[in-house]
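The values are calculated or read from the model by the stated rules, or taken from the named source; none is laboratory data. Values in this document were obtained by computation on a predicted structure and should not be read as measured data. Positions of Cβ are generated from backbone atoms using ideal geometry, with glycine treated the same way; all protein chains shown enter the neighbour counts.
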Amino acid sequence: MLQIYCPYCGELREEEEFHYSGEAHIERPMEPEALNDQEWGHYLFHRKNTKGTHQEMWFHATGCRKFFNVSRNTVTYKIEHVYKMGEHAPSNRKDGEEIQG
């Protein structure tokens, strides 16, 4: 089981308290009504299937009830970094370096 650090609560908690909410940093189209069916379908359904570090959005369902982002390695399941909504994933870490919170 994963232990996830909530950047808002400041606590390391069990995965059962959280809900996975999909890939992070997906931007909604500014004018969705201007998209054709193919473009809208791409926005709704096309996601990365990364092998390695992946940016995910999680929701602290039984805690502060806030969304936040997680950089997690999809091969090892290790959480590399946790960061608040509106922040960007860190790019200055060394490969294989594990960062919590």
Residue count, region 63-91 (criterion: small (G, A, S) and either touching a Phe, Trp or Tyr at 6+ places or on another chain (Cβ under 9 Å) or in contact (Cβ under 8 Å) with a residue 24 or more places away in the chain (or both)): 3
Odd one out for I26 among (1) of a type in the set (A, V, I, L, M); (2) in a loop (DSSP other than H, G, I, E, B); (3) modelled with pLDDT of 95 or more: (3)
Enumeration of residues in region 40-57 that are of a type in the set (A, V, I, L, M, F, W, C) and touching a Ser or Thr at 6+ places or on another chain (Cβ under 6 Å): M57
Residue in region 1-48 that is surrounded by the most Cβ atoms within 10 Å (Cβ to Cβ), counting only those that are touching a residue at least 24 places away in the same chain (Cβ under 8 Å) and among the aromatic types (F, W, Y): F18
Region 29-64, residues that are in a strand (DSSP E or B) and of a type in the set (A, V, I, L, M): M57
Number of the condition not met by T62 [criteria: (1) in contact with a Gly (Cβ under 8 Å, 6 or more places away or on another chain); (2) at pLDDT 95 or above]: (1)
Index of the failed condition, G22 passing every other in (1) out of contact with any Ser or Thr (no Cβ under 6 Å at 6 or more places or on another chain); (2) on the phi < 0 side of the Ramachandran plot: (2)
Residue identified as in contact with a Gly (Cβ under 8 Å, 6 or more places away or on another chain) and part of a strand (DSSP E or B) among V82, V70, V75: V82
Within region 66-90, considering residues that are surrounded by fewer than 18 Cβ atoms within 10 Å (Cβ to Cβ) and among the β-branched types (V, I, T), the one nearest to the chain's Cα centre (by Cα): T74
Residue within region 68-80 that is touching a strand residue (DSSP E or B) at 6+ places or on another chain (Cβ under 8 Å) and at positive phi present: no
